[in-house]
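S.K.: Attaching a single structure in structure tokens format; questions to follow.
Read-outs: derived from the displayed coordinates by stated rules, not from any lab. Nothing here was measured: the structure is a model prediction, and the numbers come from that model. We place every Cβ from the backbone using ideal geometry, glycine too, and count neighbours over all the protein chains shown.
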Amino acid sequence: MLALVAAVILQQAAAGQVVWQAPAPPEPVAVETPAAVPAIPDWARSDPYGYERSECSPLVRGADESMETCQARVRSALAANLGDALPVGLAAGVAADNCRQEAAGDRYALQCGAPSRSGPATARLVDRTCETRPRALREGGVIWTEECRPADGSEPAEDGLRIRLGGDDD
């Protein structure tokens, strides 16, 4: 019985019969509707830079979106919602190199260049060897003092913080 079914199938395939199907109807052309203005929270209107930082934080945006893509998305949403009130630093196409100095009365002025670092140079750390010894006072009693010297045997520096915790230190 199985051989008979196989022979019938082979005969039909060998006969060269072609089955035509009606052509598929054309797909409808999608008409693009203007994108709706993305909603932003009310606080983003008063602090657009903070809104951009919060939305593009690596903890919020995730690994699938780059920082540049996130900034472009957030800045376009801010531009659509704020219009002329959008700060110049958040306008689309503003390069990071094109910044401006702080202007009088501008709440969103940018600082150009690296921040200045003013302060003393870091002190060189020196290994020390310290000994704690008892010391007798004139009035009677004993206090414990600590003497520290550089571990390499050089002369100790006289600068540094000294705190007297009580008693006469003669």
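S.K.: Report the full-extension gain for the segment Val29 to Glu155: residue separation times 0.36 nm, less the Cα-Cα distance, to one decimal in nm.
M.R.: That works out to 36.6 nm of additional length.
S.K.: Determine the sum of side-chain charges near Asp152: Lys and Arg each +1, Asp and Glu each -1, restricted to other residues whose C-beta is under 10 angstrom from that of Asp152.
M.R.: On the way: positive: Arg128, Arg149; negative: Asp127.
That works out to +1.
S.K.: While we're on this one: Tally Lys/Arg at +1 and Asp/Glu at -1 over every other residue whose Cβ is under 11 Å from the Cβ of Thr132; what's the total?
M.R.: With Lys, Arg at +1 and Asp, Glu at -1, the net is -1.
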